[in-house]
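Novice: Dropping the structure in here first, questions after.
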Amino acid sequence: MELTTNSQHREGSVAKSIEEQTAKLPSDTFLWASIAAMGISLTLKLMGQKHTALFIGQWAAPFLLFGIYNKIVKTHGHDEEDKEDGKEQ
């Protein structure tokens, strides 16, 4: 399978700044944050705080998605076109 690229679209400066900052975090940070959210949610549920437990428990999936994004940024970085053009900072 061949990957196709669109040379008209490039990564924005805000996205590049976010990538540079998130790449500094260890990938397992997001995994531990997700596990912590589940544990806190369970504790709140056992304490009878149902709505707060549901609210905190819903944080687990976004934390895992942030971890996936972090891993992708670390392995692929900015757009390949920026690397080829020498615009990588």
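Novice: In region 14-34, how many residues are among the β-branched types (Val, Ile, Thr) and touching a residue at least 24 places away in the same chain (Cβ under 8 Å)?
Specialist: Within region 14-34, the subset among the β-branched types (Val, Ile, Thr) is 14, 18, 22, 29.
Going one step further and asking which of them are touching a residue at least 24 places away in the same chain (Cβ under 8 Å), we end up with 22, 29.
Summing the residues that are among the β-branched types (Val, Ile, Thr) and touching a residue at least 24 places away in the same chain (Cβ under 8 Å) in region 14-34 gives 2.
Novice: From the list Glu19, Glu88, Glu84, Glu11, which one is modelled with pLDDT under 95, acidic (Asp, Glu) and within 13 Å of the chain's Cα centre (by Cα)?
Specialist: Result: Glu19 is the single residue among Glu19, Glu88, Glu84, Glu11 that is modelled with pLDDT under 95, acidic (Asp, Glu) and within 13 Å of the chain's Cα centre (by Cα).
Novice: Within region 50-59, identify whether any single residue is of a type in the set (Phe, Trp, Tyr), at pLDDT 95 or above and in a helix (DSSP H, G or I), and answer yes or no.
Specialist: Yes: one or more hits.
Novice: Looking only at region 28-44, how many residues end up being of a type in the set (Ser, Thr, Tyr), under 16 Å from Leu65 (Cβ atoms) and surrounded by fewer than 17 Cβ atoms within 10 Å (Cβ to Cβ)?
Specialist: We begin by selecting, within region 28-44, every residue of a type in the set (Ser, Thr, Tyr); these are 29, 34, 41, 43.
Adding the requirement that they be under 16 Å from Leu65 (Cβ atoms) leaves 29, 34.
From what's left, surrounded by fewer than 17 Cβ atoms within 10 Å (Cβ to Cβ): 29.
Going through region 28-44 one residue at a time, the tally reaches 1.
Novice: Here's something else I'd like to know. Among (1) at pLDDT 95 or above; (2) on the phi > 0 side of the Ramachandran plot; (3) small (Gly, Ala, Ser), where does Gly77 come up short?
Specialist: Tallying (1) at pLDDT 95 or above; (2) on the phi > 0 side of the Ramachandran plot; (3) small (Gly, Ala, Ser), Gly77 fails exactly one: (1).
The values are calculated or read from the model by the stated rules, or taken from the named source; none is laboratory data. Because the structure is predicted, anything quoted here is derived from the model rather than measured. With ideal geometry, Cβ positions are generated from the backbone for all residues, glycine too; neighbour counts draw on all protein chains shown.
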